[in-house]
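Worksheet for the structure shown next.
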Amino acid sequence: MRLQSKPSERPPRTSARDWQVLCESLQASVEDSECRYRQLIEGLPAATYTCDAEGRVTLFNEAAVELWGRTPELGKDLWCGSWRIYRVNGTPLPLDQCPMAIALREGRTVTGEEIVIERPDGTRRNVLPHPQPIRDLSGRVVGGFNMLVDITERKCDEAKLFATQEDHSRRMADAIEAARDRKALHESEERFARFMQHFPGLAWIKDSSGRYVFANEAAQKAFQKAAEELYGKTDNELFAAKTAIQFTANDQQALSSDAGIQTIETLEHDDGVVHYSLVNKFPIPGVEGQAALIGGMAIDVTDRKRAEESLRESEERFRRMADHAPVMIWVTEADGHCSFLGKTWYDFTGRTPEESLGFDWIEAMHPNDRAAARETFLAANERQEEFRHEYRLLSKDGSYHWMIDAAAPRLGDDGTFLGYIGSVIDISNRKKMEEVLRESQAALLEADRRKDEFLALLAHELRNPLAPIRTGLELLRLAGDDRSVIEEVRLTMDRQSQQMVRLIDDLLDVSRITRGTVELRTGRVELAWIMESAVETARPVIEEMGHKMTVRLPNRPVVLEADPTRLAQVISNLLNNAAKYMKRGGSIDLNAEQHGGSVVISVKDRGIGIPAEMIDRIFDMFIQVDGSLDRSHGGLGIGLTLVKRLVEMHGGTVEARSDGPDRGSEFIVRLPVVLGLLKETNNLDGQKIAATSKRRILVVDDNENAAQMLGMLLKALGNDVRMVFDGLSAIKLAAEFRPDVVLLDIGMPQIDGYETARLIRQEPWGSTLVLAALTGWGQEDDKRRTREAGFDHHFVKPVEPAVLQKFLADCKAATS
Ligand code: ADP
């Protein structure tokens, strides 16, 4: 409020009295005015006060006391001295920022700024101040007037009103929201149903008692029930007991777990096919205290299940096959690590899967083969190509076996490289066979070489005796009647032909023995006879070489179960060699001693000896220490082979000993003896060969020379002999001549010896005569054929005169 004074008119000239009266009247009027002013202020309904220019309170009304909460001391308290003032936002308001301070300082009315006054009792009031300056007549600010409107209550009411309005609008909003929610729920349910109908998997919901409340189309199809059949029914009412039990048990389990369960359920369709589903079952919490529902979602995994089963089956089949295969099957993955090894591998190596899978299988290889095997495998794996390699693998018995490992890439359906499948085969036997083959090939080559040498040797050896025979023939032609020359030539030719016969006999023997066709004619025989016979045979060569020979036999008779001729051949062969491989005038010891069940026969010389490296080989066929053709000893390198084979056929052994070249040799033969008395022997002792036989003999041979020579010999022995050179002539002549004995060649033109014999036997005069075959063939089969043709005897050409003589004597004995 601004106190304004009304401009006064010019005063009239007055007296002292007048002045006094005037002053008193003025005084009264001022007091009156002040009184009215005071009454005005006090009568104001709002808190009002005045202050001087420094802000000290000069006047206030009751409303102000009520607002401030105490009565200020006039002229002392500042208008703001006893309470605290804040802005509406609660921050303290500095004194110089107070509206009254601003009004006093700036001399203007300040309105509209709400402040908060804190009373001494701590209560706060919201106030709207209206301070304005009081000026004196000169316009100077001499104080201030302020009316404070307490708006605390009004603010409270406003707040209440506001709260009420807010509550109302919230309810409105809630109602709108609820309506919106109901609509949204409805839409959401519709969306859910549509969504679920089109979901390719099975989806269904059951209430807490297990009744279907929802099932999408896929579920209806899978359950083979329409919605109206399903809804409101339980599994027990819908499915077979086995299925229902399974479904219900899973529902119970799902209900008892917040997260639900995942399982495989089976359902047999009407066609009997069992379908598999991968099922998620879960509880759906009930709304507003209702019981929980059971949700189910599933996908049909029948195909996958079948594929898995068939994969498992095929893997099982593969595993069984791999485990029982005779080879070791293995499988690697694309990065090269081994993921499978067949049982055969573990059985062979004795290793465990931990020691074999991955890359550990390499440890089972021979250390020298590991690097190459690893390299081969990794290189192939890199190129994804087939490969095959060989290495040695350690078996559980500690031996290494050669293996061949072959592998082919495994490819996925899209052709991706998945690794390898391979097999390991034990080829150690094959390797050994290869080794044996290599050796036997070398042996064959060696035998072939020796055979070539032998043929050259044979030609040489046959030619050797032929040369003196031919020269002898020429000499005979020139000798005329000179009996001494004839006798010498005869002796030479006899020796040389004997040599040839021996060679050929040996050859035939070797061939027979090699083919296993030699038959021993065994019987009880005394060792002495065998030794004598051998000595007799070898004596000519020994004597010719001027050697001395000592023979020592056991004091008591030693009896063998043996073929005497063959054993005599053995000993005479050894004696012959002793004589051959020693300088003239050497000495030979022939000893025989009995040691328990064996007799040990030794032939010892002081000749050229045998090098140590040849000792074991000289019994092999065609082996000769001095292989050169210009040797002086002769022979074909088969004599010792014969010796060894014949001794072995008698259950004995033979060995050679020598201290080396020029230290002599010793051959030791061990034979089993018969312990007991000699009952019957094949001794020829005492059998005197008749000097003459005096038989009528027909000689038949297409080789006229041979026939003539034999005929002459038989004649010389005192027989009546005829000679013809073919079969038909033989039959014709025999019919007249009536021979006692016919010596008949086999290989003849027109009709051969067999046919001739058969025809002779058919004649009445031919049944009793003695028919003897003369042939170059001496095999068992040849003998059988001659026997079948009607022959009584079989001689292999050339026949020894002594043998012939004995034969004729026997014939005589038989016929006389
Ligand atoms: P051949 O005497 O016909 O050569 P053998 O089979 O009888 O054949 O003998 C084989 C080889 O053994 C002879 O060539 C000879 O080198 C050696 N040999 C045999 N007997 C003796 C021996 N008593 N002294 C030295 N070497 C011998």
(request) Report, for the stretch 480-609, the % of DSSP beta bridges that are antiparallel, rounded to 5. (result) 70
(request) Considering only protein heavy atoms, with the full assembly of protein chains and a 1.4 angstrom probe, order Asp620, Asp251, Asp271, Asp157 by accessible area, largest first. (result) Asp271, Asp157, Asp620, Asp251
(request) At a Cα cut-off below 21 Å, give the lysines reachable from Lys233, other chains included and same-chain residues fewer than 8 away excluded. (result) Lys206, Lys221, Lys225, Lys242, Lys281
(request) Please find the FRET efficiency linking Lys343 to Ala379, where r is the Cβ-Cβ separation and R0 is fixed at 30 Å, and quote it to the nearest 0.05. (result) 0.55
(request) Sort Tyr231, Tyr276, Tyr391 by accessible area with a 1.4 Å probe, largest first. (result) Tyr231, Tyr276, Tyr391
(request) Would you mind computing, in nm to one decimal, how far apart the modelled labels at Asn703 and Leu44 are, each placed 7 Å from Cα along Cα→Cβ? (result) 18.3
(request) List the relative contact order of the stretch 185-312 as a percent without decimals, with contacts defined as Cα pairs under 8 Å and 6+ residues apart. (result) 22
(message) Tell me the per residue accessible area of the chain using a 1.4 Å probe; a whole number in Å² is fine.
(response) 59
(request) Calculate what fraction, in whole %, of the accessible area of the stretch 461-564 sits on carbon and sulfur atoms when a 1.4 Å probe is rolled over the protein chains. (result) 51
(message) Can you give me the angle between helix 152-198 and the longest principal axis of the chain, using Cα atoms only, in degrees from 0 to 90, rounded to the nearest 10?
(response) 30
(request) Compute the relative contact order of the chain as a whole-number percentage, counting only Cα pairs closer than 8 Å that sit 6 or more residues apart in sequence. (result) 5
(request) Quick one: plug the Kirkwood hydrodynamic radius of the chain (C-alpha pairs) into Stokes-Einstein at 37 °C, 0.692 mPa s, and report D in µm²/s. (result) 74
(message) Given the whole protein assembly as supplied and a 1.4 Å probe, what does the accessible area of Glu24 come to in Å², nearest 10?
(response) 110
(message) Under 18 Å from a point placed 7 Å out from the Cα of Tyr86 along the Cα-to-Cβ direction: which residues of the stretch 128-152 have their backbone N that close?
(response) 128-129, 150-152
(message) So, R0 is 25 Å and r is the distance between the beta-carbons of Arg483 and Ala802; what FRET efficiency does that work out to, to 0.05?
(response) 0.60
(request) Let me have the 222 nm mean residue ellipticity of the chain computed from DSSP H runs of 4+ only, each contributing -39500 (n - 2.57), with the sum over all residues rounded to the nearest 500. (result) -14500 deg cm²/dmol
(request) Heavy atoms only, probe 1.4 angstrom, no DNA, RNA or ligands counted: give me Met621, Met582, Met433 ranked by accessible area, highest first. (result) Met433, Met621, Met582
(message) Between Ile615 and Glu655, what is 0.36 nm times their sequence separation minus the Cα-Cα distance? Round to one decimal in nm.
(response) 13.5 nm
(request) Compute the Rg to Rh ratio over the stretch 543-627 from the alpha carbon atoms, using the Kirkwood formula for Rh, and round to two decimal places. (result) 1.00
(request) Pairs of Cα atoms under 8 Å, at least six residues apart: use those to get the relative contact order of the stretch 420-551, whole percent. (result) 16
(request) Taking the chain as the reference, fit the longest principal axis to its C-alpha atoms, fit the long axis of helix 527-544 to the helix C-alpha atoms, and give the angle between the two in degrees, 0 to 90, nearest 10. (result) 80
(request) Please determine, in degrees from 0 to 90 and to the nearest 10, the orientation of helix 727-737 with respect to the longest principal axis defined by the Cα atoms of the chain, where the helix direction is its Cα long axis. (result) 30
(request) Quick one: accessible surface of Lys604, probe radius 1.4 Å, all protein chains present, in square angstrom to the nearest 10. (result) 80
(message) Could you give the length gained by full extension between His324 and Tyr37, i.e. 0.36 nm per residue of separation minus their alpha carbon distance, to one decimal place?
(response) 90.3 nm
(message) Quick check on the chain: of the DSSP beta bridges with both residues there, what percent are antiparallel, nearest 5%?
(response) 80
(message) At 0.36 nm per residue, and after removing the present C-alpha to C-alpha distance, how many nm does the segment from Ala193 to Ile504 gain when stretched out fully?
(response) 100.4 nm
(message) Please report the accessible area of Ile85 (heavy atoms, 1.4 Å probe, ligands and nucleic acids excluded) in Å², nearest 10.
(response) 20
(request) Using the Cα centre as the reference, give the magnitude of the dipole from point charges on the C-beta atoms of the stretch 446-592 (Lys, Arg: +1; Asp, Glu: -1; all else neutral), rounded to the nearest 20 debye. (result) 240
(message) At 7 Å along Cα-to-Cβ for each site, give me the label-to-label distance between Asp414 and Arg738 in nm.
(response) 11.4
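The values are calculated or read from the model by the stated rules, or taken from the named source; none is laboratory data. The model shown is predicted, which means the values in this text are computed figures rather than measured ones. When we count neighbours, we look across all protein chains shown, and the Cβ atoms used for this are built from the backbone with ideal geometry, even at glycine. Only protein heavy atoms, including side chains, enter the accessible area calculation; ligands, DNA and RNA are left aside. Shrake-Rupley method; radii C 1.70, N 1.55, O 1.52, S 1.80 Å.
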